[in-house]
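Asker: Okay, here's the structure, questions in a sec.
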Amino acid sequence: MSKMAKREGPDTVNPVTINGIRFEAVHWGKDLGVEQNGGYIAAVDPLSGERLWTLMVYAIDYDADRERDVQDLFITSLTETDGKLKVVNEDEREFIVDPQTRKVTAL
């Protein structure tokens, strides 16, 4: 991919339900008014569809000399492990999110 190339959008990530709350990857964070695309999850009420909260799982360190969209780093999978949410991104970095405390731990 060249320096000026536009990247394709991310693949769909299946949501995960833990203790009655659905967790979804938020790919297009800028549409929500945050500083980056990728790296966010949303907790959603599965009955109403209402977004309960949004959390940054990881920050993206953008290089000002490159186009931002080719540097976006998206979540590729969400899974449940021992009542917590495991998040994996395109760089294969892994994070654990405790839904109760909203604490993020990098693995």
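The values are calculated or read from the model by the stated rules, or taken from the named source; none is laboratory data. Note that the structure is predicted; figures quoted are calculated from it, not measured. These accessible areas exclude ligands, DNA and RNA; they are computed on the full protein's heavy atoms, side chains included. Shrake-Rupley method; radii C 1.70, N 1.55, O 1.52, S 1.80 Å.
Asker: Using each residue's phi in the stretch 75-83, evaluate 6.51 cos²θ - 1.76 cosθ + 1.60 at θ = phi - 60° and report the 3J(HN,Hα) Karplus result to the nearest Hz, with x for Gly and Pro.
Answerer: So the Karplus estimates, Gly and Pro as x, are 6, 10, 7, 10, 9, 9, 9, 6, x Hz.
Asker: Same structure, new question: Please list, or write none, the aspartates and glutamates whose alpha carbon is within less than 20 Å of the alpha carbon of residue 84, excluding same-chain residues fewer than 8 places away.
Answerer: Answer for residue 84, where 20 Å is the Cα cut-off: 24, 45, 92, 94, 98, listed by chain and number.
Asker: With a 1.4 Å probe and every protein chain left in place, work out the accessible area per residue of the chain in Å², rounded to a whole number.
Answerer: Details: 6570 Å² over 107 residues.
The answer is 61 Å² per residue.
Asker: If amide H atoms are built 1.01 Å from N in the plane of the peptide, which residues on other chains or at least 5 residues away come under 5 Å of the amide H of residue 76?
Answerer: Long-range HN contacts for residue 76: 88, 89, 90.
Asker: With θ taken as phi - 60° and the coefficients 6.51, -1.76 and 1.60, list the Karplus ³J(HN,Hα) couplings across the stretch 46-59 in order, rounded to whole Hz; mark glycine and proline as x.
Answerer: x, 7, 8, x, 6, 6, 7, 6, 10, 9, 7, 8, 8, 8
Asker: Once ligands and nucleic acids are excluded and a 1.4 Å probe is used, how much of residue 53 is accessible, expressed in Å² to the nearest 10?
Answerer: Looks like 40 Å² after rounding.
Asker: In Å and from the alpha-carbon atoms only, list the Rg and Dmax of the chain.
Answerer: 14.2, 44
Asker: With every protein chain left in place and a probe of 1.4 Å, what is the accessible surface of residue 51, to the nearest 10 Å²?
Answerer: Approximately 100 Å² for this residue.
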